[in-house]
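Taken together, the values in this text are just the output of simple stated rules run on the coordinates, not laboratory data. If you're wondering where the values come from, they're calculated on a predicted model, not measured in any experiment. Here the Cβ is made from the backbone with ideal geometry for all residues, glycine too, and neighbour counts use every protein chain on show.
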Amino acid sequence: MRREMQLNIFRIGFLKNRTFRRAAAGLAAVLVILGGVRVFFGGGRTRENVQDDLMNTTVIEKKDLLKSVSVTGVVATADGRAGNTGLTNLKVERVHVKVGDEVQEGDVLCTFDSTLLEESLAAARNNYEINKKLDAMGADYEKQYRDSMKQADSSLKDSSQKRDQAKNAYQEASGKESTARAAADKAAAALSEKQAACEAAKQAAAAAAQAYEDRQQAAYEAARQAAAADRIQEVEQPPAPEGSQENASAEGESGAASGSGEEKPVENSMAKTAENPADRLPERTPVVINDIDAYIAGLDVNGPDYTALKDTLNAYSAAKAALEEAKAEAERTRGAYEQAKAETGQAKSSYDQAKTARQEAQNTYDSSIRDAKTAYQKSKLQSQLITDNDAKKQITQYEEQLEDYTVRAPMSGVITSLSVKEGQTFGGGVIYEIQDLKHFVVEASVDEYDVVKIKQGMTAYVKTNSMGEELLKGTVTYVAPTAGAGKGGEAGAGSSQSGSGGSASYQIQITIEGEQEKLRPGMTAKVSIVQEESRGVLAVPYDCVETKEDGTSIIYVDEGGQRKEMTVEKGMETDYFAEIKGKDLKEGMTVYLPDGMRQGGQLPEEENAGNADEVMYGF
């Protein structure tokens, strides 16, 4: 399966032009028709007509289409370095590697004899130390002057820094004080609001409580009056007539009582009047609320009609709690403000002291500089200061050259070229070449017609003789912006820029993925650069799709033995196949080929040129 996929990529991808396409079309048509076509026999049709249809049709197939540009290039290493030196006539002391050796970055490759250079470096260092001692002996006044300036400058900078720090601390403390004061003012204002709200809630609670008590007192008075009225009505009621049922009953009860030997006391109306029910109600006196808090403390929450008073008392309790919180916040913020105010005063005092110290340091600095200048002017060395820049430069130059006498590998790889031998004198130039023989690129050139189709980042498939039928996946990593320019600006191998009437070539580079063991620099590689691909689509030979004058794309299908026009939408196109889309299209439908692709028909002579395998596989 993998081999078939690989061959299919090259079979489709390396078709270069219409000449190849039409030649391939003829071959494909033969294969398709031999694979099977639908034959329709209708009334009145002759054998010649049937054979003519057999040779002039193909079928709609599902295909994986791939449009690509094929190029041929040369395999090269992905990374390589050459070691050069500007030094000449160097004796090679030791060579640590040979061609073919694998080295790591930083490994020592060879060393040159550095005896003479080391002697020159030692002499330069000795001369430099002697010059320093001579300068010190004759530069006492200069040293004093510089030391005095340095000390005075250090003292001035220190006092300035302390002053600035004190200033910043004072400004920060002032800012904190302002913030604390604003918070205290805000808390005081909130306290005033809470006090007013609490007082209003207190007045409302007192009024509600007084109304509550007044209602209770009124209810009590009404109950007493009702009880008294009931008693008066009972006393004034006339006695029952004689012979009535009530009187008879009373007499019967009296007789019964007499018969039992017991004497029943007789109650007169005066006794009944003494037992007034109103006298049995608990005594209640009117309540006048002067202290609402004391009233709330002794209030019976289970009393009648308490619910009407409850919300007002709760509001008063909440207002008192809010007032207490506001008092606490006001006290806290006031304390913070007083502390911030004290810290600001301390910071201001420190700042004033630092300013005074800074001014004193400035006076000392001016005096020290003045005295040092006076002493320096008296020095006989004032006319010229001796410098040692030249000596330092000479030492640095020798040290850098000494590093070049030990040659190290700038990268990991394989030594592919070596120009030094132990004991011989090296004249200069390239010392070695190192190549990375595990990662490779393909360098190629394309003409001006194909270069516009290639972009960096495109997928590519690479084939070499050393890999057999195996395809290597890669990516286009470089496309030259101008004709003849290789990567890095140099002219690429095989590149050219023709004059008027010719075709210019452009360098490209394809980087192969992963490590490769079967590739070597210089191998020839064939590359298919993928421009576009479409998988599992319905396709027919390119020339089966015709375009009408209005731009509509059509094909001719076989329907019941009759040729029928069908409108389609053309999708991706390769050098041979075209993707078609349409709601009525199905795989396996019979499609008529154009006359130029008729099986057995004679193609134009120029379209028969070339080897068929090369056309199909791109080799």
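Here is how the numbers come out for the structure above:
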{"read-out": "Whole-Hz ³J(HN,Hα) from phi, Karplus 6.51 cos²θ - 1.76 cosθ + 1.60, for segment 119-124, glycine and proline x", "value": "5, 5, 5, 4, 5, 5"}
{"read-out": "Peptides ranked, highest mean first, by Cβ atoms within 10 Å: ranges 558-564, 363-369, 545-551", "value": "363-369, 558-564, 545-551"}
{"read-out": "Which listed pairs, of K162/K392; K98/K455; K62/K526; K63/K463, have C-alpha distances above 30 Å, in listed order", "value": "K162/K392; K98/K455"}
{"read-out": "Rounded Å value of the spacing that divides the Cα centres of segment 169-228 and segment 545-560", "value": "94 Å"}
{"read-out": "Per-residue Cβ neighbour rank within 10 angstrom, fewest leading, H96, H439", "value": "H96, H439"}
{"read-out": "Karplus (6.51, -1.76, 1.60) ³J(HN,Hα), θ = phi - 60°, over segment 419-425, in Hz, Gly and Pro reported as x", "value": "10, 10, 9, 4, x, 8, 9"}
{"read-out": "Amide hydrogen neighbours beyond the local backbone of E532, cut-off 5 Å, H modeled", "value": "K67"}
{"read-out": "Distant-in-sequence amide H partners of S417 (H built 1.01 Å from N, under 5 Å)", "value": "E433"}
{"read-out": "Cα-only Debye scattering, segment 424-465: base-10 log of I(q)/I(0) at q = 0.24, 0.30, 0.33 Å⁻¹", "value": "-1.04, -1.22, -1.28"}
{"read-out": "Long-range amide H partners of M572 with built H, under 5 Å", "value": "E579"}
{"read-out": "Estimated vicinal HN-Hα couplings, Hz - segment 528-545 in sequence order (Karplus 6.51, -1.76, 1.60; Gly, Pro = x)", "value": "10, 9, 7, 8, 7, 8, 8, 9, x, 10, 6, 9, 9, x, 3, 6, 6, 8"}
{"read-out": "Solution diffusion estimate, µm²/s, Stokes-Einstein, segment 387-445, Kirkwood Rh from C-alpha pairs, 4 °C, viscosity 1.567 mPa s", "value": "85 µm²/s"}
{"read-out": "Those chymotrypsin sites (Phe, Trp or Tyr not before Pro) in segment 135-223 that DSSP places in a loop and that have at most 13 other beta carbons within 10 Å", "value": "none"}
{"read-out": "Debye intensity ratio in log₁₀ form over the Cα atoms of segment 55-101, taken at each q of 0.19, 0.22, 0.27, 0.28 Å⁻¹", "value": "-0.99, -1.11, -1.21, -1.22"}
{"read-out": "Packing-based exposure ordering (other Cβ within 10 Å, fewest first) of I510, I529", "value": "I529, I510"}
{"read-out": "Spin-label zone in segment 400-429 - amide nitrogen under 16 Å from a point set 7 Å from the Cα of D113 along the C-beta vector", "value": "405-406, 421-428"}
{"read-out": "Formal net charge of residues neighbouring S192 (Cβ-Cβ distance under 15 Å; K, R +1; D, E -1)", "value": "-3"}
